[in-house]
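Taking it in order: structure first as structure tokens, then the write-up.
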Amino acid sequence: MEDFGDWAENPNYFLNLDGSPSTQDVQGGNGSEEEDDEAAQLRRSPTLTPVPLELNVNGLRILTNFRHREIIERVTNSLQNSTNLLIECPTNSERRLATLYATLAYWHQLKQDENSGNSNTSTFSIPNKRAKRTQKIYYGVDDFDQAHEVIEQLRKLEGTDFLKDLNMTVLGSRENLCLKEAASQEFCSCHNSSNTSRREQTQFKFIERSPSHQSNLDHVNSIEDFKQNCAARNCCPYLESQNLHENADFIISPQQFILSPELRQHYNINLSNVILIFDDGYDLEKACFKEASITVSSKELLHAAQKLEDIANSLPSQNDIIINLIGSLNSFHLWLKMQSEDRDRVTCEQLRNLPFLQELEINEANHRSFNDNLQTLLKCSPNPSDFSLITKLKKLLNILNVLWGNDHSHKYLHLELTKCSNDKRDLALKITCINPTLIFQPLADHTQSVIIGSACLAPISTFQNGFGIPFEPPLEIDSHDVPSNQLVLAFCSVGPQPQKIELNLRIRPRKKPEVQKAVGDALLNICEQIPNGIVVIFQAQHTMLHLMQKKWKEVQNHLTPSIMENLTQVKDVFSVLDYSPTDLPTMLEQYQQSSRSPKGAILFAVARDKLHDHILRTFRGEEIRAIVHVGIPFGDWNTDNFLKAKDEISQDEGIPAALSEMKWWNNKEAFRIMNQSFPPCVQDPQDWKAVIVLDCRAEGNQEEFNQLIPAWTRSGKSKFRHCAKFSDLICILESWRLANCYDDDSE
């Protein structure tokens, strides 16, 4: 694929979508004497010689210099055909930019046809069921930091025609947007302020228009610009963003707002015929599980009934629907209170047959009535704490609606009775979602197209088959900008010489002292080769890390130091086991400082916890020069999640089929967690990193292994290397280090 150098990264130098030269075209410039020096240098650069490629996708002409043209072409095809698409591209910024470019180009063409009255004779056709009109675009982000990053990519599109007619907003929680000190609560002090009067007087625009209507002068404002503007006008950004939402064409929203039926209703998000993009969808399955899972105790049910009764009594007229709900909640409370603590399993059929829940008649016909009436009560309530209560009630009703409306609900939900963590005498009903189809299919059935992108979706087949909607063949980009000598991805199955202990990290073998010592010796050798910070991720549970650390601290004799003593001589050692949860932020700051010192640092963490995800998202550069996985993070077959999944699968497929399915489910879950270590290695072309996996299980079936890892790690310059001997790994690391830190050595 051709390399367009700096030009590929500067969309200001594209031709317009209609084929006319851009006002900032490479050849002509903009004629201004105050032209930016950097832009002028780019125009003189020899890298600007390639001619932009014209993509003609079913009649839509797109002239672009993006390197990942296949993303633009596939996204445009998907939108025109009203189909769904999965995109795996190692570089987040390029994936976002190409996806935005294609989506907004498509939207702009629809807008032009609509304005010209040619909506029935468009320059391209939409052959499917959807109406051919301008759609809203919802761009779902995993956290608010991603919202800032998306706006940065939009700024690179300043100068393209399709921004000049685009209205946008950013939805977010009060914690993210509200200016008040009470924003951390459910409601801030601006809740009762009348913001609706400003609806017609909203002055802020995320995309500002130039007075002369020249598209190259349009400017995309940041979220901070928006908050400052609202502060100057004495209005709440949280409420103002919702005012902008009504007429917005492009909406950046937290994924949770899109996935949750309760929050969609609260924020007036209508997904009918919209274009839906999930920016970083690798955790989408987990987010769906969260939205359809709930734990409710008998005391909570009683409290909810009392609160609803208090609010209902304050209304001028009684509501029969709410009165029936209050009665059912009281009966539900009594039933749960009477259950035996020894009875830990409740089936979906048993819950459906409870008389007081049958009397509610929760079905599609009256389900909306319940939600609407609860929403009315919420508006009448002056107490901020009622928001969480009523939102949880709506969620419970949504889940109960699934139980009544689906004879196969056992495939989606697992039910059990459990003791409350804060009161062991109180029982709770725990409903756990085990299939994302429950949340995702009803949501996606109403949209025009769903596009899920990420730096890593592998194993991608789980997305194709697990969400209950059809996808086109996935687009897997297997290239990135990081040179091969700056990246090491390697597996090693044995420890250092002379023992050459097999690194068998299954449950029983990893308890053997010789295996624990081999892992410690391997980490010591790796630390001697890698400068700066090293993050070590231990498999699944804190138990494994505890066993390893205990062994490494043992002293054989007074002449031979322990493994841990040797490690502290090479690196500053930090472990999550040595700090309380409240001290972890301080520990991470200390580690980051030490990682930038000449000695460097090593951090011991555990897979499958929040800290693991936080480290991969926030650590950069020398803070995380290498990631070492001690064991592929397979889960324990005796944990609750595995027993639930095995139980539900076996009901339909029988025990032998269930065990086969569970093996694949186990592999998929383990590699999905491990795969998240790879994308941070290729986000910065100037950075150099290594990912090392210590586990003999990596030497298994190569074909199955390739199905579980990203496409860009299967071949080419970033292909995984399997080291049969530990000395091979050390040679690779030594060459990698010498190739990348020679400047430091020369000093």
Here the qualifying pairs (Cβ atoms under 9 Å; residues six or more apart or on different chains; first in segment 549-562 and farther than 20 Å from K511 by Cβ and free of Cβ contacts under 8 Å to residues at least 40 places away in the same chain; second open to solvent by 70 Å² or more (accessible area, probe 1.4 Å) and part of a loop (DSSP other than H, G, I, E, B)) come out as P561/V555
Matching residues in segment 448-481 (open to solvent by 40 Å² or more (accessible area, probe 1.4 Å) and free of Cβ contacts under 8 Å to residues at least 60 places away in the same chain) number 2
Among residues of segment 158-182 being modelled with pLDDT under 85 and in a loop (DSSP other than H, G, I, E, B), the residue farthest from V274 (Cα to Cα) is K180
When restricted to A231, A248, the only residue in a loop (DSSP other than H, G, I, E, B), at pLDDT 85 or above and open to solvent by less than 70 Å² (accessible area, probe 1.4 Å) is A248
Those helices (runs of 4 or more DSSP H) completely within segment 291-407 that have 2 or more residues that are modelled with pLDDT of 80 or more and farther than 30 Å from P254 by Cα are 298-313, 320-338
Q. Got at least one residue in segment 205-228 being among the aliphatic types (A, V, I, L, M), under 28 Å from R617 (Cα atoms) and either at pLDDT 85 or above or open to solvent by less than 40 Å² (accessible area, probe 1.4 Å) (or both)?
A. yes
Review point. Hey, does segment 494-515 have a residue that's within 20 Å of S677 (Cβ to Cβ), assigned to a loop (DSSP other than H, G, I, E, B) and out of contact with any Phe, Trp or Tyr (no Cβ under 7 Å at 6 or more places or on another chain)?
Key: yes
**Prompt:** Looking at Q242, is it within 30 Å of L110 (Cβ to Cβ) and touching a strand residue (DSSP E or B) at 6+ places or on another chain (Cβ under 9 Å)?
**Reply:** yes
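So in segment 565-577, with the set limited to residues that are over 23 Å from I507 (Cα atoms) and part of a helix (DSSP H, G or I), which one is most open to solvent (accessible area, probe 1.4 Å)?
Keep residues of segment 565-577 that are over 23 Å from I507 (Cα atoms), which gives 565-574.
Those left that are additionally part of a helix (DSSP H, G or I): 565-570.
Working: E565: 87, N566: 53, L567: 0, T568: 57, Q569: 146, V570: 38 Å².
Among them, the one singled out is Q569.
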Given the conditions (1) at pLDDT 85 or above; (2) over 24 Å from L694 (Cα atoms), every one holds for F463 apart from (1)
Open item on the list: Can you find a residue that is over 18 Å from the mean Cα position of the chain (by Cα) and within 30 Å of I526 (Cα to Cα) anywhere in segment 437-450?
Closed with: no
Counting only residues that are open to solvent by less than 30 Å² (accessible area, probe 1.4 Å), within 11 Å of S718 (Cβ to Cβ) and in a loop (DSSP other than H, G, I, E, B), segment 482-493 contains a total of 1
Per the filter on segment 259-280, residues of a type outside the set (A, V, I, L, M, F, W, C) and either crowded, with 23+ Cβ neighbours inside 10 Å or over 25 Å from I431 (Cβ atoms) (or both) are S260, N268, N270, S272, N273, D279, D280
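Taking segment 586-614 as the search range and keeping residues that are aliphatic (A, V, I, L, M), touching a helix residue (DSSP H, G or I) at 6+ places or on another chain (Cβ under 7 Å) and over 24 Å from C696 (Cα atoms), which one is least open to solvent (accessible area, probe 1.4 Å)? Walk me through how you get there before you give the answer.
Of segment 586-614, the ones aliphatic (A, V, I, L, M) are 587-588, 601-603, 605-607, 611.
Imposing the further condition that a residue be touching a helix residue (DSSP H, G or I) at 6+ places or on another chain (Cβ under 7 Å) reduces the set to 601-603, 605-607, 611.
If we keep only those that are over 24 Å from C696 (Cα atoms) as well, we get 601, 611.
Numbers: A601: 0, L611: 23 Å².
Out of the qualifying residues, it is A601.
Report whether or not L524 is of a type outside the set (S, T, N, Q), over 32 Å from the mean Cα position of the chain (by Cα) and at pLDDT 90 or above. Let's see the steps before the verdict.
Values: of a type outside the set (S, T, N, Q): yes; over 32 Å from the mean Cα position of the chain (by Cα): yes; at pLDDT 90 or above: yes.
Criteria met by L524.
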If you go through E704, E661, E653, E669, the only one that is modelled with pLDDT under 85, among the acidic types (D, E) and either open to solvent by less than 40 Å² (accessible area, probe 1.4 Å) or assigned to a strand (DSSP E or B) (or both) is E669
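Could you check, for segment 539-558, whether at least one of its residues is among the aromatic types (F, W, Y) and in a helix (DSSP H, G or I)?
Within segment 539-558, one or more residues are among the aromatic types (F, W, Y) and in a helix (DSSP H, G or I).
The values are calculated or read from the model by the stated rules, or taken from the named source; none is laboratory data. All figures in this text were calculated on a predicted structure; none of them were measured in a lab. Positions of Cβ are generated from backbone atoms using ideal geometry, with glycine treated the same way; all protein chains shown enter the neighbour counts. Ligands, DNA and RNA are excluded from the accessible area calculation, which covers all protein heavy atoms including side chains. Shrake-Rupley method; radii C 1.70, N 1.55, O 1.52, S 1.80 Å.
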